[in-house]
Amino acid sequence: MLALAVLFGGLSNEHDISCMSACSILQNADRSKYHLLPIGITRDGRWFLYENADPEKVKSGAWETEPGLVPAVLSPDRAAHGLLVMRDGRTETVRVDVCFPVLHGFGGEDGTIQGLLTLAGIPFVGPGVAASANAMDKSLTKAVVDRTGVRQAAYDLALRPDFARDPEGTARRIETAMDKKYPLFVKPCSSGSSVGVARADDFDGLLAGLTEAFRWDAKVLVEEFIDGHEIECAVLGNDDPIASTVGEIAPTQTFYTFDAKYNDATSQLYIPAHIPAEAIETVRRDAIRVYTALGCRGLSRVDFFCTYADGEIVFNEINTIPGFTSISMYPKLFAHGGLSYPALIDRLVALAMEGTNG
Ligand SMILES: Nc1ncnc2c1ncn2[C@@H]1O[C@H](COP(=O)(O)OP(=O)(O)O)[C@@H](O)[C@H]1O
Ligand SMILES: [Mg+2]
């Protein structure tokens, strides 16, 4: 029996998505193999062990007011190898064999939790510190992917001090660097779930997009617009990763916004994607190339476009802890290939236990 800590919630604006993913994991992890230690992190960063968790309460957010919550933290002290649980005025140590940080975005998918787990010597699901940090920051991802030969959208980078000093001048410089080819996509480098992402159709739109994006991040990426299918590929493994088949998201809104992702049931999901067989193979090959170049381990979902005009494959971004509900794209892609959700959890835990993370 392995003590499997499931970290959920967290500081980022993807807190709710994390709770939904954790609910599915708690419902599906094989209880004959794992002793589950659900650890909820509130939006303001308080940590609680939620023993005998009700998965539905994890999903709804009601867990936060459960009377049975016990304050608990992950100790970096390797002798503890787990949690310090503060019960009835006393501190007890609870061993953790392996951890699944089901956290998205800031404070969870960006290398921070991975750093703590690395110090603690606790194996964990997903990429290590450097790969997580580089995958979280879209400008750093771009710099790595530039060296792989995988195509990505042309881009420019805007920095907050420049924009604060001279908003119009900064926007003009970017517009010129992008050859005034509207529409452009404006996005905070380290956001997620499309928060702060905007499409700009003209100079005023660019200015507005930059203003909004700088609310979320000190670095903003401005990209060439890629008109194509939105394609996602799940990658699994350590030194010899495998790629799933390829899925497609067909949002009915102008692009795949936060609302389209979580509130709009009309977005369609196709597995396999509605693109030619050769394009699917290119995506699978490029997904592994990007994954390997970033030094990922465990899992990641690698997202692309397949252009309508000529079927070219263009890398968009990588998510090292992708949405993980039983109906999320990542598990569904592997389920399509015959790997069930509970078996996928087993595989991820086995990969985590295999050697050290980053
Ligand atoms: N260069 C681009 N061309 C066209 N659409 C884009 C581009 N970049 C982003 N998008 C749209 O914005 C959405 C969110 O952007 P993305 O880079 O995936 O950031 P996030 O991390 O927030 O998911 C994408 O799913 C896509 O719909
Ligand atoms: Mg995305």
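Cα convex hull, the stretch 30-79: 104 Å³ per residue, rounded to a whole number. Projecting the Cα atoms of Ser21, Gly115, Ser340 onto the charge dipole of the chain, computed from C-beta unit charges around the Cα centre, puts Gly115 farthest toward the positive end.
Taking the Cα centre of the stretch 1-124 as origin and assigning +1 to Lys and Arg Cβ atoms and -1 to Asp and Glu Cβ atoms, the resulting dipole is close to 280 debye. Between Arg285 and Asp346, full extension at 0.36 nm per residue minus the direct alpha carbon distance yields a gain of 19.5 nm. Per residue of the chain, the DSSP helices (runs of n ≥ 4 H) give a summed -39500 (n - 2.57) that works out to -9500 deg cm²/dmol at 222 nm.
Here the mean projected area of the convex hull built on the C-alpha positions of the stretch 2-124 is 6.9 nm².
Given their separation in residues at 0.36 nm each and the Cα-Cα distance between them, Glu168 and Asp54 gain 35.9 nm when the chain is fully extended. The fraction of Cα-Cα pairs per 5 angstrom bin, counted from 0 for the stretch 61-179, comes to 2, 9, 13, 12, 14, 13, 9, 7, 8, 7, 4, 2, 0 percent, rounded to whole percents. Considering only beta bridges that DSSP places wholly inside the stretch 50-157, some 90 percent are antiparallel. What residue among Ile122, Ile174, Ile288 has the largest mean-square fluctuation in a Gaussian network model of the chain, using Cα springs under 10 Å? Looking only at Ile122, Ile174, Ile288, the biggest GNM fluctuation is shown by Ile174. The alpha-carbon positions of the chain define a convex hull whose volume is 136 Å³ per residue.
The stretch 155-224: percent of C-alpha pairs farther apart than 21 Å? For the stretch 155-224, the fraction of Cα-Cα distances above 21 Å is 10 percent. Which residue, Pro342, Pro331, Pro67, tops the fluctuation ranking in a GNM of the chain built on C-alpha contacts under 10 Å? Between Pro342, Pro331, Pro67, it is Pro67 that shows the largest mean-square fluctuation. Among Met20, Met136, Met178, the largest mean-square fluctuation in a Gaussian network model of the chain (Cα springs under 10 Å) belongs to Met178. Assuming charge only on the beta carbon of Lys and Arg (+1) and of Asp and Glu (-1), the dipole of the stretch 296-358 about its Cα centre is about 260 debye to the nearest 20. So for the stretch 155-224, taking the charge dipole from beta-carbon charges (+1 Lys/Arg, -1 Asp/Glu), which of Gly169, Ser190, Ala200 sits furthest toward the positive end? Projecting each Cα onto the dipole axis, the largest value belongs to Ser190. Pairs from the table (Lys187/Lys261; Lys142/Lys219; Lys180/Lys261) lying more than 22 angstrom apart at Cα are Lys180/Lys261.
For the stretch 307-358, the fraction of C-alpha pairs more than 18 angstrom apart is 50%. Taken about its Cα centre, the stretch 218-358 carries a charge dipole of roughly 500 debye when the Cβ of each Lys and Arg holds +1 and the Cβ of each Asp and Glu holds -1. How big is the gap, in Å, between the Cα center of the stretch 100-131 and the Cα center of the stretch 304-358? Centre-to-centre (Cα) distance: 17 Å.
Taking Cα centroids, how far is the stretch 254-295 from the stretch 184-244 in Å? Going from one Cα centre to the other spans 14 Å.
Read-outs throughout are calculated quantities, based only on the coordinates presented, and are distinct from any laboratory measurement. Quick caveat, the model's predicted, so the values are computed rather than measured. With ideal geometry, Cβ positions are generated from the backbone for all residues, glycine too; neighbour counts draw on all protein chains shown.
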